[in-house]
Amino acid sequence: MTTAPTTLRLQQSNLGLPILVGGAVAGTFDLIAAFVTFGPGVPRAIAGGLLGRSAFQGGPGTYILGILLHYFIAFLAATIYCLASRRLPFLIEHFFVCGLFYGIAIYLVMNLIVLPLSALHFMGPYQYRGLLQGILIHMFIIGLPISLALRRMS
């Protein structure tokens, strides 16, 4: 009688490390790529999603808020993938392909849902080069590290 709840807790606890590692690695790689691509003001732009255009003139608190929001999104993406893998075991078995497609899904959700609904209301226009670069970055430095962390640590 007590084995079912114990087994469920063990399965859920096995997700903690992949979520932490996958989210931290993906968040760090993505932040580095954003710094290289857009410059050091990126965290203020991220905070602008919550605060609006006034975030661009914000101080250290706004900068830290942007970094915290960025990592919150990265850990949320890792959590979603890891929880989905419990119902869809092929996400672990075929981690490479699934990770690449998950990166594309993250890019699309961020650019077509999150950014238009944010306080900045960013909706394009999108240029081909930026679109291609964004998709490739999300595939290889966000989706793949999350799926690889789950594969290695579950």
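FYI, it's all coordinate maths here, none of it is from the lab. The structure presented is a predicted model; accordingly, all values stated were derived computationally and were not measured. Every residue, glycine among them, receives a Cβ derived from its backbone with ideal geometry; neighbour counts consider all protein chains shown.
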Quiz item: In sequence order, what are the phi-derived ³J(HN,Hα) couplings for the range 48-55 according to the Karplus relation 6.51 cos²θ - 1.76 cosθ + 1.60 with θ = phi - 60°, rounded to whole Hz, with x for glycine and proline?
Solution: x, x, 9, 9, x, 4, 5, 5
Quiz item: To the nearest 10 degrees, how steep is helix 128-138 against the longest Cα principal axis of the chain, on a 0 to 90 scale?
Solution: 40
Quiz prompt | Cα gyration tensor shape for the range 79-128, rounded if a/c is under 1.5, else prolate or oblate | solution = oblate
Practice problem: Could you check which residue among ILE142, ILE46, ILE80 shows the biggest mean-square fluctuation in a GNM of the chain with a 10 Å Cα cutoff? | Solution: ILE80
Quiz item: If you line up the long axis of helix 16-38 against the longest principal axis of the chain, both from Cα atoms, how many degrees apart are they, to the nearest 10?
Solution: 20
Quiz item: Which Cα, out of PRO89, ALA45, TYR128, lies furthest along the positive dipole direction of the chain (beta carbon charges, K/R +1, D/E -1)?
Solution: PRO89
Quiz item: Where the centroid of each part is defined by its Cα atoms, how far is the range 99-154 from the range 69-95 in Å?
Solution: 13
Quiz item: Hey, got the dipole for the range 16-153? About the Cα centre, +1 on K and R Cβ, -1 on D and E Cβ, debye to the nearest 20?
Solution: 60
Practice problem: Just the ratio, please: alpha-carbon radius of gyration of the range 3-154 over 2.2 N^0.38 Å, N its number of residues. | Solution: 1.11
Exercise. Set Lys and Arg Cβ to +1 and Asp and Glu Cβ to -1, take the dipole of the chain about its Cα centre, and tell me which of ALA34, ASN111, ALA78 lies farthest positive.
Key: ALA78
Quiz item: What list do you get for ILE64, ILE104, ILE73 if you sort them by fewest beta carbons within 10 Å?
Solution: ILE64, ILE104, ILE73
Practice problem: Would you be so kind as to identify which of ILE19, GLN57, LEU144 lies farthest towards the positive end of the dipole of the range 5-154, taking Lys and Arg as +1 and Asp and Glu as -1 on Cβ and the Cα centre as origin? | Solution: ILE19
Exercise. Describe numerically, in nm with one decimal, the distance between label points set 7 Å from Cα along Cα→Cβ at ALA105 and at ARG152.
Key: 2.2
Exercise. Can you tell me the 0 to 90 degree angle between the C-alpha axis of helix 95-109 and the longest principal axis of the chain, rounded to 10?
Key: 40
Quiz prompt | Radius 12 Å from Cβ of PRO145, net charge of other residues (Lys, Arg +1; Asp, Glu -1) | solution = +1
Exercise. Using just the helices of the chain, give the 222 nm mean residue ellipticity in deg cm²/dmol: DSSP H runs with n ≥ 4 each add -39,500 (n - 2.57), and the total is spread over all residues, rounded to 500.
Key: -23500 deg cm²/dmol
